[in-house]
1. If you count, for each residue, the other Cβ atoms within 10 Å and average over each peptide, how do 68-81, 38-51 line up from highest to lowest?
2. Show me the ranking of peptides 88-96, 134-142 by mean Cβ neighbours inside 10 Å, starting with the highest.
3. If I model a spin label at residue 171 and residue 52 as a point 7 Å from the Cα along the Cα→Cβ vector, what separation in nanometres do I get?
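All of the numbers you see were taken from the coordinates with simple rules; none came from a lab. Keep in mind that this is a model prediction, so the values were computed, not measured. Positions of Cβ are backbone-derived with ideal geometry, glycine not excepted, and every protein chain shown enters the neighbour counts.
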Amino acid sequence: MHKGKVASFGRVLSFLWVAVFSLEIHAQTYCAATYSSGCGSWGPRNIQFGTFTATVPNVCYTDNSNIIIGSYMPTSPISVSINSRGWCGVGVAADFNKDGDFADPGEMMANPPYSAAAGTVTYTFNISIPFNVKGGDYRMRIWARGGNAGGSALPACGAFSYGRSIDYTLQVISPLIITGGGNYCSGDDITIKV
């Protein structure tokens, strides 16, 4: 009887050894915007997202997904201001279903009208997280909709002549929902278990 338990334990250890050491960890890969003529000084330069502010580096793509750009509840208004240079529109999107793109319904958060002007253009708008997004951290992209791209709703992973894109993490906070009956008055003690 004792030998059978040792043999069973050995098989379990062998299985765990194989399971643990053959496990491959896959990081989520994201689609990329491409800029056939380069980035240069085209595209977003300064970002204000709620209380967060940043200057965008002069490169085509920056992965700042290690930076939380803000923590917000669904449907709460978020003010955004993006300075962009050189006939570039801007866009803001988040990957709310974590499938590696920004193209699913509800993921395009802003795609303001394109301003065909030389020099610096400031795009100012309000966005909100859709009501059905669960609490958690989500990849968010701010990108230039390319030099001379016009006013079309070009995606975060589009092909453009010029521009820049930058990724951050957007933190969504689930609202606290209290259910149950009863009437409560000011001064009543209420216990909430989480």
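1. Listed from highest to lowest mean packing, they are 38-51, 68-81.
2. Peptide ranking by packing, descending: 88-96, 134-142.
3. Label-label distance for residue 171 and residue 52, simple model: 1.0 nm.
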